[in-house]
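Undergrad: Structure provided below as C-alpha cells; questions to follow.
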Amino acid sequence: SRRIIITLVSLFAVVALLAIGVVASGARFFTVMTPSMGQTAPVGTLVVTLPQNGYQVGEIVTYERNGRSYTHRIISAIADGSFVTKGDLNAAADPLPVAQDQIVGRAVWLAPGLGWLWQGLPWLVLGGLQAGAAQE
C-alpha cells in the first residue's frame with residue numbers, strides 16, 4: 001500500500017514537472033470542436049501549438065478572434081503581414097484575414113481523439129481523488 005502511494009506521488013510529480021515545462025515553453029492546448037479541418041484534425045483532435053516568430057503558407061495555426069479559437073491552415077500571406085486562412089474541409093477561405101498578433105501558435109502536434117480526454121481530464125482527476133478518498 002505504501003509502495004503504491006509512493007509510486008503514484010512520484011508519477012504525479014513527474015507529470016506535473018513535464019506540464020510545467022510544456023507550459024513554460026509557450027505551448028497551448030486546444031480541442032477541435034468543428035469538422036472544418038477534415039481528416040487532418042477531425043472533431044475531438046487535441047491540438048498542441050507553439051508560438052514562433054514567423055509563419056509560412058501551408059502551416060496549420062491556431063488563432064483567436066472575438067474570444068474564440070480557430071485552428072486552420074494558412075493559404076496565403078498578405079503584404080501587410082497578415083494571412084488568409086481556411087479549414088481544409090471548407091470550400092472558401094475564412095472571411096477575415098488573420099493578423100500576426102491574433103495567432104497563438106503553429107500546430108506542432110495533432111492527436112485525433114485525445115482532445116476529448118483533455119476536455120475530461122479535470123473531471124477524471126476529481127473522480128479519482130474522490131474514489132481514493134472514499135477507500136480510506
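Undergrad: Modelled label-to-label distance, Thr7 and Gln39, 7 Å Cα→beta-carbon offset: nm?
TA: 4.1 nm
Undergrad: Additional query: Could you tell me the calculated FRET efficiency between Ile78 and Arg28, based on Cβ-Cβ distance and R0 = 30 angstrom, to the nearest 0.05?
TA: 0.80
Undergrad: Now for a different question. Could you order Val23, Val108 so the one with the most accessible surface comes first? Probe is 1.4 Å.
TA: Ranked list, largest accessible area first: Val23, Val108.
Undergrad: For the chain, with a Gaussian network of springs between Cα atoms less than 10 Å apart, report the residue from Gly44, Gly87, Gly54 with the top mean-square fluctuation.
TA: Evaluated over the chain, the most mobile residue of the options is Gly54.
Undergrad: Using the per-residue mean of other Cβ atoms lying within 10 Å as a proxy for protection, in what order, highest first, do the peptides 74-80, 111-117, 30-36 fall? Before the final figure, lay out the partial values.
TA: On the way: 74-80: 12.3, 111-117: 15.3, 30-36: 17.4.
Averaged packing, sorted descending, gives the order 30-36, 111-117, 74-80.
Undergrad: While we're here: So, for the chain, what is the accessible surface per residue at a probe of 1.4 Å, expressed in square angstrom?
TA: Heavy-atom SASA per residue in the chain reads 65 Å².
Undergrad: Can you pull the Kirkwood radius for segment 1-123, inverse mean 1/r over Cα pairs, to one decimal in Å?
TA: 15.8 Å
Undergrad: Could you grab the relative contact order for the chain? Cα pairs under 8 Å, six or more apart, rounded to a whole percent. List each step's numbers first, then the result.
TA: On the way: 217 pairs, mean separation 34.2, N = 136.
25 percent.
Undergrad: Heavy atoms only, probe 1.4 Å: what % of the accessible area of the chain goes to carbon and sulfur, would you let me know?
TA: Carbon and sulfur atoms account for 65 percent of the accessible area of the chain.
Undergrad: OK, next. Counting only Cα atoms, I'd like the Rg/Rh figure for segment 1-68, Kirkwood definition for Rh.
TA: 1.15
The values are calculated or read from the model by the stated rules, or taken from the named source; none is laboratory data. What you see is a predicted model, and the numbers here were worked out from it, not measured in a lab. Ideal geometry is used to build each Cβ from the backbone, glycine not excepted, and the neighbour counts take in all protein chains shown. Surface areas here come from the heavy atoms of the whole protein model, side chains and all, with no ligands, DNA or RNA. Shrake-Rupley method; radii C 1.70, N 1.55, O 1.52, S 1.80 Å.
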